[in-house]
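Since every read-out is calculated from the coordinates, none of them should be taken as a lab result. Here the structure is a predicted model, which means the values were calculated and not measured. Note that each Cβ is placed from the backbone with ideal geometry, even for glycine, and that neighbours are counted across all protein chains shown.
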Amino acid sequence: MRFIDEAVVTVKAGDGGNGIASFRREKYVPRGGPDGGDGGKGGDIYVIAEDNTNTLVDYRYTRRHDAMRAENGHSRNCSGKGSDDLFLPVPIGTTVVDTETDEVLGDLIELGQTLLIAKGGDGGLGNTHFKSSTNQAPRKSTSGFEGELKVLKFELKVVADVGLIGLPNAGKSTFIRQVSAARPKVADYPFTTLVPNLGVVDIGRHRSFVMADIPGLIEGASEGAGLGIRFLKHVARTRRLLHVVDVKPIDGSDPVANARVILNELERFSPELSNLPQILILNKIDQVPDEELDELCTHIVAELDWTGDVFRTSTLMGEGTDAVKYHLMNEIELERERELEDPIFAEAQRTRFERLEVEVRLNTEAQREAYRAARKAAREGVDLSDEDADFDDDDEDGVEVIYVP
């Protein structure tokens with residue numbers, strides 16, 4: 001299947017029906033007067049969040065969606081039939097943005113949530129409305145109003161409480177397999193995961209949270225390297241970030257330097273995003289001799305100047321993962337309870353996430369444009385240092401990743 005997290009669509013709400021000019025014509029009823037009915041109302045267009053889809057791929061193939069036009073009015077003061085509303089299903093976590101104004105029309109983060117994106121036109125008036133004492137036989141009627149026409153962007157961001165970040169092959173996919181029913185692909189080479197994977201972490205009766213495995217973060221991800229510009233934005237909705245670090249990389253690289261790569265990319269991509277609470281996961285401790293483990297882990301924490309929570313895990317063996325998920329559950333529950341009890345804190349949280357959404361969306365678009373310009377320059381042999389270079393982006397679809405299970 002294809003994982004598509006952005007799509008641009010054109011929507012046209014239904015036009016209203018025309019009112020008509022008609023006069024009553026019945027035997028033995030002289031001068032029956034006007035009886036023209038009003039036109040019907042054009043159909044509105046809504047988006048609705050559904051859980052039976054997790055990609056916007058359908059909107060890459062069908063980019064125009066029109067609601068039906070309403071019927072014209074009828075004689076005998078009968079109004080025309082209004083057209084049915086059109087509902088466009090989208091995955092939970094979809095943001096709708098007006099491309100002309102850059103206005104965010106709404107976020108669909110709950111199952112069944114609907115959002116009006118284009119309003120249908122009202123019907124025109126029949127000549128009955130124009131009858132007066134001085135105009136007993138009006139021949140005037142009005143046309144229906146046009147439905148709204150909009151070009152919108154659908155942006156999908158996974159809805160999760162916790163986001164897993166780290167370099168490829170740090171053990172993120174194995175971690176989510178251990179704590180949830182998600183079954184992402186796991187292998188001993190980088191970029192095994194090509195799409196975000198969601199898993200529900202079940203702690204016990206009525207206690208659970210959603211975790212997301214975010215792929216493609218490497219050095220330069222904030223500028224388009226790897227899959228960074230596609231998937232960094234998916235951590236924008238999370239409450240916590242789990243930073244998974246391989247304490248003994250198979251390539252012999254420094255785990256401290258590897259951790260700093262991710263921290264720097266988050267900061268460069270979005271300063272607001274880098275301020276989300278993070279938990280450090282020192283993973284693959286089974287690869288380190290017991291007598292060296294404490295010294296190595298202490299060294300990593302000290303070099304990173306880490307002041308947050310730290311856990312040691314071996315996701316392959318399942319060691320230490322339970323402690324992490326119980327800690328996360330407690331933290332998330334405390335935060336949810338505080339949001340319910342403290343309106344000021346709840347408003348601050350809402351404002352922070354709104355600010356984060358805007359920053360991430362703008363940064364993603366800016367970095368995508370820069371990445372496309374660099375690709376175009378490379379194809380055409382243009383020197384990017386030339387200030388007069390003009391880049392016309394012709395790759396409107398961006399990067400498309402195909403996942404073959």
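Please report, to two decimal places, log10 I(q)/I(0) for region 1-157 at q = 0.14 Å⁻¹ as given by the Debye formula with identical point scatterers on the Cα atoms and no solvent.
With no solvent term, the Cα-only Debye profile gives -0.71.
Along Cα→Cβ, 7 Å out, is where each label goes; now give me the distance between the ones at Q113 and V29 in nm to one decimal.
Label at Q113, label at V29, 5.2 nm between them.
Around L86, what is the net charge, scoring Lys/Arg as +1 and Asp/Glu as -1 over all other residues with Cβ under 11 Å from its Cβ?
Once positives and negatives cancel, what remains is -3.
Could you list, in their original order, any pairs among K41/K150; K27/K140; K157/K248; K27/K131 whose Cα atoms are separated by more than 30 Å?
Correct reply: K157/K248.
Given a Förster radius of 41 Å and the C-beta distance between S132 and T101 as r, what FRET efficiency does 1/(1 + (r/R0)^6) yield to the nearest 0.05?
Calculated transfer efficiency: 0.45.
Is region 93-187 rounded, prolate or oblate when judged by the Cα gyration tensor, a ≥ b ≥ c being the square roots of its eigenvalues, rounded requiring a/c under 1.5 and prolate requiring a/b larger than b/c?
In terms of gyration-tensor shape, prolate.
Can you list the chymotrypsin sites (Phe, Trp or Tyr not before Pro) in region 10-54 that are in a DSSP coil and have 13 or fewer other beta carbons within 10 angstrom?
Sites meeting the loop and neighbour criteria: Y28.
Can you check what the net charge comes to around A49, using other residues whose Cβ is under 11 Å from the Cβ of A49 (Lys, Arg +1; Asp, Glu -1)?
-4
From the P(r) of region 114-154, can you give the percent of Cα pairs sitting at distances over 17 Å?
Beyond 17 Å sits 53 percent of the P(r) for region 114-154.
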